[in-house]
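Notes to accompany the following structure.
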Amino acid sequence: MRSHHILEKILYALLWLAAATSIAITLSIVFSVLFEALRFFRLVPVGDFLFGLQWSPQMALRADQAGSSGAFGAVPLFAGTLLITAVAMSVAVPIGLFSAIYLSEYARRSTRNLLKPMLEILAGIPTVVYGYFAILLIAPALQRFGAAAGLDVASESALAAGLVMGVMIIPFVSSLSDDIITAVPRNLRDASYALGVTQSETIKKVVLPAALPGVMGAILLAVSRAIGETMIVVMAAGMAAHLTFNPLQSVTTVTVQIVSLLVGDQAFDSPKTLAAFALGLTLFCITLALNVVALLIVKKYREKYE
């Protein structure tokens, strides 16, 4: 008994150390980004960064050169991120959720065992492959369709990047939603069937509301994946910071600009380099807000169905 007590104390200490380490790493990341972002905001006003409509972070090496002061308005970047994410989610959420409903409620076990691994293969394909797929197939197809319809479609467009990104994140919605819907207690379905409710009505009015907290988590994970994607955007949507909500035009995202700002021989303490940390901090705050909203939704429906 004494040895068991000592072993439990050791395991407790190891678990506490692991939890403390993860929290310390998270805090160190946040404070490191925050410190560099504050350095940037000493050089560029917060209002100009958050509400500026022009993004041109090119800085001259000498004061007598033209364009020695760049424009750091981040609105075009967030607009491009929102546009591509919206297109991607409009593809991933319906297809992923409907496929999850089919696999969990309608498909036979043999069919489910065959289709689910095939669907999850999409998550293992490298993003650069999706980028090639976008620029070699999707973008030219959209241009041909736009020319036939009399529309001006850019060679690199938010629509092409969003469609391919939506295909990439379908497994994030489908696989997680499938597991969550399958985990809904069987007695809820049986009670609904006992009242004479059809299968489709049971799914709509009983199963999906009960599984909504988990489904929201799956959708949030997919949104985070879409916001953080870089390679597909670079290859299919371009790197031009255009303030537009037209999905047929070229746009860029926050993550693409973070990568481009940190590449090259620019001085680390220059506003151009420090702008990457300001973008990262703003993106972190947006993601945190999305998580808070999702937690509120999960709490509301969890209390209703528990």
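Show the residue pairs meeting these rules: Cβ distance below 8 Å; 6+ apart or different chains; first residue within segment 23-47 and touching a residue at least 40 places away in the same chain (Cβ under 8 Å) and β-branched (Val, Ile, Thr); second residue open to solvent by 90 Å² or more (accessible area, probe 1.4 Å) and in a helix (DSSP H, G or I). That search, which allows pairs on different chains as well, returns 30/284; 33/284. Within segment 1-31, the set of residues being open to solvent by less than 90 Å² (accessible area, probe 1.4 Å) and within 18 Å of residue 254 (Cβ to Cβ) comprises just one member, 30. Does segment 144-156 contain at least one residue that is in contact with a Leu (Cβ under 6 Å, 6 or more places away or on another chain), touching a residue at least 24 places away in the same chain (Cβ under 8 Å), open to solvent by less than 40 Å² (accessible area, probe 1.4 Å) and aliphatic (A, V, I, L, M)? There is at least one residue in segment 144-156 that is in contact with a Leu (Cβ under 6 Å, 6 or more places away or on another chain), touching a residue at least 24 places away in the same chain (Cβ under 8 Å), open to solvent by less than 40 Å² (accessible area, probe 1.4 Å) and aliphatic (A, V, I, L, M).
Put simply, of 182, 244, 202 the only residue that is under 25 Å from residue 85 (Cα atoms) and among the β-branched types (Val, Ile, Thr) is 244.
Against the conditions (1) among the hydrophobic types (A, V, I, L, M, F, W, C); (2) open to solvent by 50 Å² or more (accessible area, probe 1.4 Å); (3) over 22 Å from residue 79 (Cβ atoms), residue 163 satisfies every one except (3). Determine whether segment 270-279 contains at least one residue that is exposed (fewer than 15 other Cβ atoms within 10 Å of the Cβ) and modelled with pLDDT of 85 or more. Scanning segment 270-279, I find no residue that is exposed (fewer than 15 other Cβ atoms within 10 Å of the Cβ) and modelled with pLDDT of 85 or more, so the answer is no.
If the requirement is being at pLDDT 75 or above, farther than 19 Å from residue 256 by Cβ and charged (D, E, K, R), which of these qualifies: 48, 64? Working first, answer last.
On the way: 64 fails: at pLDDT 75 or above.
The conditions single out 48.
The single condition among (1) surrounded by fewer than 15 Cβ atoms within 10 Å (Cβ to Cβ); (2) in contact (Cβ under 8 Å) with a residue 24 or more places away in the chain; (3) of a type in the set (Val, Ile, Thr) that residue 198 does not satisfy is (2).
Please verify whether segment 21-43 includes one or more residues that are in a helix (DSSP H, G or I), modelled with pLDDT under 85 and either out of contact with any Gly (no Cβ under 6 Å at 6 or more places or on another chain) or over 20 Å from residue 173 (Cβ atoms) (or both). Scanning segment 21-43 turns up at least one residue that is in a helix (DSSP H, G or I), modelled with pLDDT under 85 and either out of contact with any Gly (no Cβ under 6 Å at 6 or more places or on another chain) or over 20 Å from residue 173 (Cβ atoms) (or both). Does segment 103-118 contain at least one residue that is open to solvent by 50 Å² or more (accessible area, probe 1.4 Å) and over 30 Å from residue 204 (Cα atoms)? For segment 103-118, residues open to solvent by 50 Å² or more (accessible area, probe 1.4 Å) and over 30 Å from residue 204 (Cα atoms): absent.
The values are calculated or read from the model by the stated rules, or taken from the named source; none is laboratory data. What you see is a predicted model; the values in this text were computed from it and never measured. With ideal geometry, Cβ positions are generated from the backbone for all residues, glycine too; neighbour counts draw on all protein chains shown. Please note that ligands, DNA and RNA were not included when accessible areas were found on the heavy atoms of the full protein model with its side chains. Shrake-Rupley method; radii C 1.70, N 1.55, O 1.52, S 1.80 Å.
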